[in-house]
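Chemist: Below is the structure I would like to discuss, written out as structure tokens.
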């Protein structure tokens, strides 16, 4: 039986973001087999951090995307957030030209490649901090945006107001997605921090980042978890978690939540988010369950409230 129209309209979609750390092919395939059986609505596939990570090639991602689509998932192919070479540009062009799946633009170079050709979603690293910027991207073909991770929910509502959302080229409202769970992707650099940690050259790194499937934790001088190194990317140490923010998310016009993969337990995380966001389960029970999972770095939600990102405000 199909879901009633009213229920579909009120549903907060759950998006599984791209795997940001470096996993083996076997680990990736096992992970996505679980995701295929989960309540997730959308899956974003592809390598977005480092072009040297080649466990999966474009053809492999497309084949996997077909399997996930057959399981009822919407699939997007993501492009890299930091392009460094002509080979990176060639891959971007191939993703833009594949024509089978929608694309999540990792940077403005991808937007330029996709503009006027393929409807696309703006990834979290495309800087959109006001309504005029979102309107400009909409004129180029954007159909959705993932808000930058540090934006408070009330700021998200100002960029794409729920009472008067920015319209895509076909007149439909631009969909707003925010980072709902996972270690926040904060910054990129041409330098590989993981290789430097191991005193290796970037081009002779030995793919040491595969040894840390949830990234390499950094702590402050006081011993507090602070940041995570993930090759050329810096992430938050804590897991950003908005499972208690359903009312605020709705008020901000958010229709999709991004759940970023961790090395274990994401299927349970997706289940709890679906129960709270779409089935009326109490957020307090879900929060306690997530905290009991001992997820690496613990939970935080400071950015959503306009506070330091490491803070946790019970809701």
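Each value in this text was obtained by applying a stated rule to the coordinates, not by laboratory testing. Nothing here was measured: the structure is a model prediction, and the numbers come from that model. Note: ideal-geometry Cβ built from the backbone for every residue, glycine included; neighbour counts use all protein chains shown.
Chemist: For residue 274, which of the numbered conditions (1) surrounded by 15 or more Cβ atoms within 10 Å (Cβ to Cβ); (2) free of Cβ contacts under 8 Å to residues at least 12 places away in the same chain; (3) in contact with a strand residue (DSSP E or B) (Cβ under 7 Å, 6 or more places away or on another chain) fails to hold?
Modeler: Single failed check for residue 274: (2).
Chemist: Do we have residue 81 as out of contact with any helix residue (DSSP H, G or I) (no Cβ under 8 Å at 6 or more places or on another chain), assigned to a loop (DSSP other than H, G, I, E, B) and under 21 Å from residue 15 (Cβ atoms) here?
Modeler: It is true that residue 81 is out of contact with any helix residue (DSSP H, G or I) (no Cβ under 8 Å at 6 or more places or on another chain), assigned to a loop (DSSP other than H, G, I, E, B) and under 21 Å from residue 15 (Cβ atoms).
Chemist: Out of (1) under 21 Å from residue 127 (Cβ atoms); (2) surrounded by 13 or more Cβ atoms within 10 Å (Cβ to Cβ), what's the single condition that is false for residue 208?
Modeler: Result: residue 208 fails condition (1) only.
Chemist: Follow-up. If I ask for residues that are touching a residue at least 24 places away in the same chain (Cβ under 8 Å) and either exposed (fewer than 15 other Cβ atoms within 10 Å of the Cβ) or in contact with a helix residue (DSSP H, G or I) (Cβ under 6 Å, 6 or more places away or on another chain) (or both), which ones from the stretch 123-133 would you list?
Modeler: Passing the criteria: 128, 129, 130, 131.
Chemist: Hey, any hits in the stretch 70-78 for a residue that's surrounded by 16 or more Cβ atoms within 10 Å (Cβ to Cβ) and touching a residue at least 40 places away in the same chain (Cβ under 8 Å)?
Modeler: For the stretch 70-78, residues surrounded by 16 or more Cβ atoms within 10 Å (Cβ to Cβ) and touching a residue at least 40 places away in the same chain (Cβ under 8 Å): present.
Chemist: Here's something else I'd like to know. Got a sec? Which of 168, 195, 115, 157 is in contact with a helix residue (DSSP H, G or I) (Cβ under 6 Å, 6 or more places away or on another chain), over 28 Å from residue 93 (Cα atoms) and in contact (Cβ under 8 Å) with a residue 12 or more places away in the chain?
Modeler: Details: 168 fails: over 28 Å from residue 93 (Cα atoms); 115 fails: over 28 Å from residue 93 (Cα atoms); 157 fails: in contact with a helix residue (DSSP H, G or I) (Cβ under 6 Å, 6 or more places away or on another chain).
Of 168, 195, 115, 157, the one residue that is in contact with a helix residue (DSSP H, G or I) (Cβ under 6 Å, 6 or more places away or on another chain), over 28 Å from residue 93 (Cα atoms) and in contact (Cβ under 8 Å) with a residue 12 or more places away in the chain is 195.
Chemist: Please count how many residues of the stretch 277-305 are in contact (Cβ under 8 Å) with a residue 40 or more places away in the chain and in a helix (DSSP H, G or I). Step through it out loud before you land on a result.
Modeler: Quick first cut of the stretch 277-305, residues in contact (Cβ under 8 Å) with a residue 40 or more places away in the chain only: 277-278, 283-284, 286-287, 290, 295-301, 303-305.
Narrowing further to those that are in a helix (DSSP H, G or I): 277-278, 283-284, 286-287, 290, 303-305.
The number of residues fulfilling the criteria is 10.
Chemist: Of the residues 256, 267, which is farther than 30 Å from residue 84 by Cα, surrounded by 15 or more Cβ atoms within 10 Å (Cβ to Cβ) and out of contact with any helix residue (DSSP H, G or I) (no Cβ under 9 Å at 6 or more places or on another chain)?
Modeler: Numbers: 267 fails: out of contact with any helix residue (DSSP H, G or I) (no Cβ under 9 Å at 6 or more places or on another chain).
So the residue among 256, 267 that is farther than 30 Å from residue 84 by Cα, surrounded by 15 or more Cβ atoms within 10 Å (Cβ to Cβ) and out of contact with any helix residue (DSSP H, G or I) (no Cβ under 9 Å at 6 or more places or on another chain) is 256.
Yes or no, residue by residue, for (1) closer than 27 Å to residue 234 by Cβ; (2) assigned to a loop (DSSP other than H, G, I, E, B); (3) out of contact with any strand residue (DSSP E or B) (no Cβ under 6 Å at 6 or more places or on another chain):
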| site | (1), (2), (3) |
| --- | --- |
| 23 | yes, yes, yes |
| 27 | yes, no, yes |
| 31 | yes, no, yes |
| 40 | yes, yes, no |
| 48 | yes, yes, no |
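Chemist: If you go through the stretch 103-139, how many residues are within 21 Å of residue 171 (Cβ to Cβ) and out of contact with any strand residue (DSSP E or B) (no Cβ under 8 Å at 6 or more places or on another chain)?
Modeler: 9
Chemist: Out of (1) touching a residue at least 24 places away in the same chain (Cβ under 8 Å); (2) within 20 Å of the chain's Cα centre (by Cα); (3) more than 25 Å from residue 33 (Cβ to Cβ), the odd one out for residue 108 is which?
Modeler: (1)
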